[in-house]
1. If the viscosity is 1.306 mPa s and the temperature 10 °C, what Stokes-Einstein diffusion coefficient in µm²/s follows for the chain when Rh is the Kirkwood radius over Cα pairs?
2. For the chain, what does the helix formula give at 222 nm: sum of -39500 (n - 2.57) over DSSP H segments with n ≥ 4, over the residue count, nearest 500 deg cm²/dmol?
3. Once the piece of chain linking ASP67 and ALA11 is laid out straight, how much longer is it, given 0.36 nm per residue of separation minus the C-alpha distance between them?
4. So which trypsin sites (Lys or Arg not before Pro) in segment 1-86 end up in coil per DSSP with only 12 or fewer other C-beta atoms within 10 Å?
5. Using label points projected 7 Å from each Cα along Cα→Cβ, tell me how many nm separate ASN25 and LYS49, to one decimal.
6. What translational diffusion coefficient, to the nearest whole µm²/s, does segment 25-73 have by Stokes-Einstein, given a Kirkwood radius computed over alpha-carbon pairs, a temperature of 4 °C and 1.567 mPa s viscosity?
7. In a GNM of the chain with a 10 Å cut-off on Cα contacts, which of ALA13, ALA79, ALA51 has the highest mean-square fluctuation?
8. Where in the chain are there GluC sites (Glu not before Pro) that are in a DSSP coil and have at most 13 other Cβ atoms within 10 angstrom of their Cβ?
Amino acid sequence: MADEVIAEPAAPAVSPAVKITVRPNGPFRVEGPIELVDVNGNGWDLTDKPAISLCRCGLSSKRPFCDGTHGREGWKCDATPIPADPIAQG
Ligand code: FES
C-alpha cells in the first residue's frame, strides 16, 4: 500500500486591503485590489495595475488619474488626520 499524502487545508482566502495615501501637494495613491467606475458603473481597465494615482487637484487632463499637472502648477494642499477632540468624546 502506497503512502497516503494528506494535503494541508487551504488557508481561507483573504482579500488584501486597499491602501490610499494622500500625497502632500499631490494625488491620492491607491494600492490594492481596485475597481474604479464612473457614476454609471462603467469601469476603467486597470488590468496589471497594482496601484493608481487619482487626481486631487482637479487640474489633470487625464482625470480621474493624475498626470503630474499639480506639480507643474504648484498646487498646494496639506491633508493630515485631525486629532480627535477629547472634549467631544466625553
Ligand atoms: S493631483 Fe496630480 S494632476 Fe491633479
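Readers should treat all values here as calculations from the given coordinates under stated rules, not as data from a laboratory. The shown structure was predicted, so the numbers you read here are calculated from the model rather than taken from an experiment. With ideal geometry, Cβ positions are generated from the backbone for all residues, glycine too; neighbour counts draw on all protein chains shown.
1. Working: Rh = 16.9 Å.
Answer from the Stokes-Einstein relation: 94 µm²/s.
2. Values: 2 runs with 8 residues, N = 90.
About -1500 deg cm²/dmol.
3. Working: separation 56, 0.36 × 56 = 20.16 nm, distance 3.98 nm.
Separation in residues times 0.36 nm, less the Cα-Cα distance, equals 16.2 nm.
4. Numbers: sites: LYS19, ARG29, ARG56, LYS62, ARG72, LYS76; in loops: ARG56, LYS62, LYS76.
Taking segment 1-86 and a limit of 12 other Cβ atoms within 10 Å, the loop trypsin sites (Lys or Arg not before Pro) found are LYS62, LYS76.
5. About 2.6 nm separates the two model spin labels.
6. Values: Rh = 11.5 Å.
So the translational diffusion coefficient is about 113 µm²/s.
7. The residue that fluctuates most here is ALA13.
8. On the way: sites: GLU4, GLU31, GLU35, GLU73; in loops: GLU4, GLU35, GLU73.
The qualifying sites are GLU4, GLU35, GLU73.
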